[in-house]
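To keep things clear, I will list the structure first and then write my remarks on it.
Computed from the coordinates by the stated procedures, all read-outs in this text should not be read as laboratory data. Note that the coordinates shown come from a computational prediction; the quantities given were computed from them, not determined experimentally. No Cβ is skipped: glycine too gets one built from the backbone with ideal geometry, and neighbour counts run over all protein chains shown.
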Amino acid sequence: MKVPFELEWLGGAAERHFRKARPRTEELPWGTVDPSRYDPAAVDRARSSWTEVAINEYRAVASFSEVLRALVDAKAPLDLLGMTSDFLADECAHVELASRMAMELGGAAPRLVDFDRFTGPLRRGLTASQRANELVLRVSCISEAFSGGTATVSYEATSHPLPRAVYGSILRDEAHHRRLGGLYFEWALSRIDEAELRRLGQVLLASLRGLAPFWKSRSATSKEAPAWSEADLGALGWLGPAQFAPVAKEVVVRDILDPLATIGITITAAERAELLG
Ligand SMILES: [Fe+2]
Ligand SMILES: [Fe+2]
């Protein structure tokens, strides 16, 4: 069932503990965005986009919780478990940053979320190692690599100091989240056979097909002038869909397909052509 995306905040001891764990949030230049200085259509689009980031970061909390549990079950090295645990607080901090950014622009856009299907489904009957392989692949090697790689380009276009600081803070953490995949597979690869590599290739293909609308959808391929000022949208942290499309495709090849191919997780040339065509 879909329900409105809303966040609660307890304050008191919970807030103090969280602030101690992630003290930088309060140092950002909050309260410095004046939405009336920007094109209203650009503000509206930026507001929706930051709301969607908040939802995606919230999903990342759920995803890394699943990754952590799978790594525990697969008896991954303890320091890798500790590293992954730390990411949960990072993702909570990112939810806060993105939602406060939406508030600065006039408040979060209303969004419905299905929490019963919040993260991707895992097939039944997988072993603990297969679950760990699949979740690390989907979350660290694909999802984090995609969001981090594309956000780097959006960050470069962002001129207002507040969204720049938000991106800076998020991207610093995401770099570690993306590294987990490489570290995990370095440890796990000798235990992964050919059949499992082929299975992971299919997981890769399915995940990337889920991202394809970023470069294949009508808004991504439209040549029409956008309904908002691209300069103002950029200042507030966002590329329009037509500008985003080539960035998304480049990140998929450079940060996802190519590095995964070096460890034997691949899709066929025909699948690649169909995906990127
Ligand atoms: Fe994040
Ligand atoms: Fe992340």
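Using just the alpha carbons, could you tell me how many Å³ per residue the convex hull of the range 111-152 encloses? List each step's numbers first, then the result.
On the way: hull volume 3.0 nm³, N = 42.
Taking the convex hull of the Cα positions in the range 111-152, it is 72 Å³ per residue.
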Report summary line: Gyration tensor on Cα atoms of the range 55-127, a ≥ b ≥ c root eigenvalues, a/c under 1.5 rounded, else prolate if a/b beats b/c, else oblate, says oblate
**Report entry** Percentage relative contact order, the range 1-146, counting C-alpha pairs under 8 Å, at least six apart
**Finding:** 40
Query - Over the chain, relative contact order from alpha-carbon pairs under 8 Å, at least 6 apart, % - result: 25
Query raised in the report: In whole Hz, what ³J(HN,Hα) sequence does the range 140-155 give by Karplus (6.51, -1.76, 1.60; θ = phi - 60°), x for Gly and Pro?
Result: 7, 6, 10, 5, 5, 5, 5, 5, x, x, 6, 5, 4, 6, 4, 4
Report summary line: The set of residues whose placed amide H lies less than 5 Å from the amide H of V113, leaving out same-chain residues fewer than 5 positions away, is V3, F5
Query - Distance (nanometres) between label positions extended 7 Å along Cα→Cβ at M1 and R69 - result: 2.2
**Report entry** Cα gyration tensor shape for the chain, rounded if a/c is under 1.5, else prolate or oblate
**Finding:** oblate
**Report entry** Dipole of the range 170-253, positive direction: furthest Cα of H177, P241, L208, with charges on the beta-carbon
**Finding:** L208
Query raised in the report: Excluding the sites themselves, what is the longest stretch of the chain that contains no trypsin sites (Lys or Arg not before Pro) in a DSSP loop with at most 11 other C-beta atoms within 10 Å?
Result: 125-222
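Say a site is exposed when it is one of the GluC sites (Glu not before Pro), sits in a DSSP loop, and has at most 13 other Cβ atoms within 10 Å; what is then the longest site-free stretch of the chain?
On the way: sites that count: E6, E8, E224.
My reading of the result: 9-223 is the longest stretch.
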Query raised in the report: Using +1 on the beta carbon of Lys and Arg, -1 on that of Asp and Glu, and nothing else charged, what's the dipole of the range 25-164 about the Cα centre, debye to 20?
Result: 540
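Using a ≥ b ≥ c from the Cα gyration tensor of the range 145-211 (square roots of the eigenvalues), is it rounded, prolate or oblate, where a/c under 1.5 gives rounded and otherwise the larger of a/b and b/c decides, a/b for prolate? Mind dumping the intermediate values first?
Working: a/c = 5.56, a/b = 2.14, b/c = 2.59.
Verdict is oblate for the range 145-211.
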Requested in this report: Show that you can apply the helix-only estimate: for the chain, add -39,500 (n - 2.57) for every DSSP H stretch of four or more residues, divide by all residues, and state [θ] at 222 nm to the nearest 500.
Outcome: -20500 deg cm²/dmol
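Work out, step by step, the length gained on full extension between A41 and T262: first 0.36 nm times the residue separation, then minus their alpha carbon distance; give nm to one decimal. Intermediate results must be reported in sequence, preceding the final value.
On the way: separation 221, 0.36 × 221 = 79.56 nm, distance 4.34 nm.
Here the answer is 75.2 nm.
Stretched out fully, how many nm does the piece from A128 to E156 gain, at 0.36 nm a residue minus the Cα gap?
On the way: separation 28, 0.36 × 28 = 10.08 nm, distance 4.00 nm.
Between A128 and E156, full extension yields an extra 6.1 nm.
Find how much the distance from A227 to R209 grows on full extension, using 0.36 nm per residue of separation minus their present alpha carbon separation; answer in nm with one decimal. Walk me through the numbers before you get to the answer.
Details: separation 18, 0.36 × 18 = 6.48 nm, distance 2.77 nm.
Roughly 3.7 nm would be gained on extension.
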